[in-house]
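The values are calculated or read from the model by the stated rules, or taken from the named source; none is laboratory data. All values reported here derive from a predicted model rather than from experimental measurement. A quick note on method: Cβ atoms are made from the backbone with ideal geometry, for glycine too, and the neighbour counts reach across all protein chains shown.
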Amino acid sequence: MGEEWRPVVGHEGDYEVSSHGRVRSLKRSESVILRRLRRPNGYLAVSLYRNGRARRIGVHRIVAEAFIPNPDDLPFVRHKNDVKYENHASNLAWGTGGDNAIDRELNTPKVPRTHCKRNHPLIEGNTYIDRGTIVCATCKKAQVAASAARKKENRIVDHRP
Ligand SMILES: [Zn+2]
């Protein structure tokens, strides 16, 4: 999808935000893309100035206000894929506070896996539980063998003159 620019709500004429999560200032003759700061909480923010005063605001909020209708006046902006710095309009939605927790749930596979990463069937006889996680016995065996082989190899290398 192409990048679309719209005025920042509350800063019309001074700033624009794009559907890809970029913010630009229109205050000079040439528009300037603003630097986005990553906050300790993982969200990206920009500083917007009005009447000489700076206001630090989350990029996700600006994008949502400009691109996503909020008829129910929901208070929070959610990241659909749970990645806080992906501020494309298509990744954002308005929600209540609880939605963020729900999204995290949705983004965590809840369906029990039937196969491991290397496609061994996770069936009885090939699995055991280690600290609450299902472990593929075939992979574990291979891992142990590989690490033993590595150690052996290191020993040989070590003894070369
Ligand atoms: Zn496996």
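Identify all residues within the range 1-38 that are of a type in the set (Asp, Glu) and surrounded by fewer than 14 Cβ atoms within 10 Å (Cβ to Cβ); write none if there are none.
Glu3, Glu4, Glu12, Glu30
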task: Mind telling me which of the residues Arg113, Arg118, Arg131 ends up being exposed (fewer than 14 other Cβ atoms within 10 Å of the Cβ), of a type in the set (D, E, K, R), out of contact with any Pro (no Cβ under 8 Å at 6 or more places or on another chain) and modelled with pLDDT of 85 or more?
output: Arg118
query: Does Asn41 satisfy the condition of being surrounded by fewer than 11 Cβ atoms within 10 Å (Cβ to Cβ), more than 20 Å from Glu12 (Cβ to Cβ) and within 22 Å of the chain's Cα centre (by Cα)?
result: yes
